[in-house]
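Taking it in order: structure first as structure tokens, then the write-up.
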Amino acid sequence: MDNIVLIGMPGSGKSTVGVLLAKALGYDFLDVDLVIQNREGALLQQILDTRGTQAFLEAEERAVCSLSCTRTIIAPGGSAICREKAADHLRSLGAVVYLNVPLQELEQRIQNLSSRGIAMEPGQTLADVMAYRDPLYRRYADLIVDCSGSQPLAQTVHLVLQRLKEEGIPRL
């Protein structure tokens, strides 16, 4: 349980912050989206387009539940918490940190909503997705770090490191 799992909406910075945290802590970095693509032999958007959202969530759950690592910053997809088994497995791997970004900021960050590989049903908006997922992120998070575009990336990483230190994570 010496991993750190970053959860949050697409565009919240899980992968970018995760790489920088891994460097700062001397940890490995694992992007679960890449695990899914490798296991499924297709890009995320291709899986969504050809198999549908539910099949994508099942593939994501299988990928998440296959994870076994130590001293790793894990960046799962934003929808990983939509399946209880996957969310529980993430919690079993280490401390879960929710990178909370305001909706308006996410809408500015995500310019490629239809091609980014975001698990959402036809007709859903980013606001709909956030309204569904935010309570789940809060439920599974050990820590919530409020992030906004007004702060530089380095400050977000600093805030995460500070909050982890306050909580005694990682326990070295």
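No lab work stands behind these numbers, since they all come straight from the coordinates. Not measured: the values here are computed from a predicted model. Please note: Cβ atoms are built from the backbone with ideal geometry, for glycine as well, and neighbour counts cover all protein chains shown.
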What percentages make up the Cα-Cα pair-distance distribution of region 33-172 when the bins are 10 Å wide from 0?
11, 38, 39, 12, 1
Formal net charge of residues neighbouring residue 86 (Cβ-Cβ distance under 9 Å; K, R +1; D, E -1):
-1
Quick one: order 109, 83 by neighbouring beta-carbon count within 10 Å, fewest to most.
109, 83
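Which value, in Å³ per residue, describes the convex hull spanned by the Cα atoms of region 55-127?
108 Å³
Can you give me the relative contact order of region 3-166 as a percent, contacts being Cα pairs under 8 Å and 6 or more apart? Each step should come with its number before you reach the end.
Working: 242 pairs, mean separation 55.2, N = 164.
After rounding, I find 34 percent.
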Given H placed 1.01 Å from N in the peptide plane, which residues other than close sequence neighbours of residue 7 have an amide H under 5 Å from its amide H?
97, 98, 99
Relative to the longest principal axis of the C-alpha atoms of the chain, give the angle of the C-alpha long axis of helix 53-65, reported between 0 and 90° and rounded to the nearest 10°.
30 degrees
Gain on full stretching of the segment that runs from residue 108 to residue 155 - 0.36 nm per residue minus C-alpha separation:
15.0 nm
Enumerate the lysines that residue 165 could reach by cross-link, defined here as Cα to Cα under 24 Å, with residues fewer than 8 away along the same chain left out.
14, 23
Per 0.36 nm of contour for each residue apart, how much would the distance between residue 138 and residue 163 grow if the chain were fully extended, relative to their Cα-Cα spacing?
7.4 nm
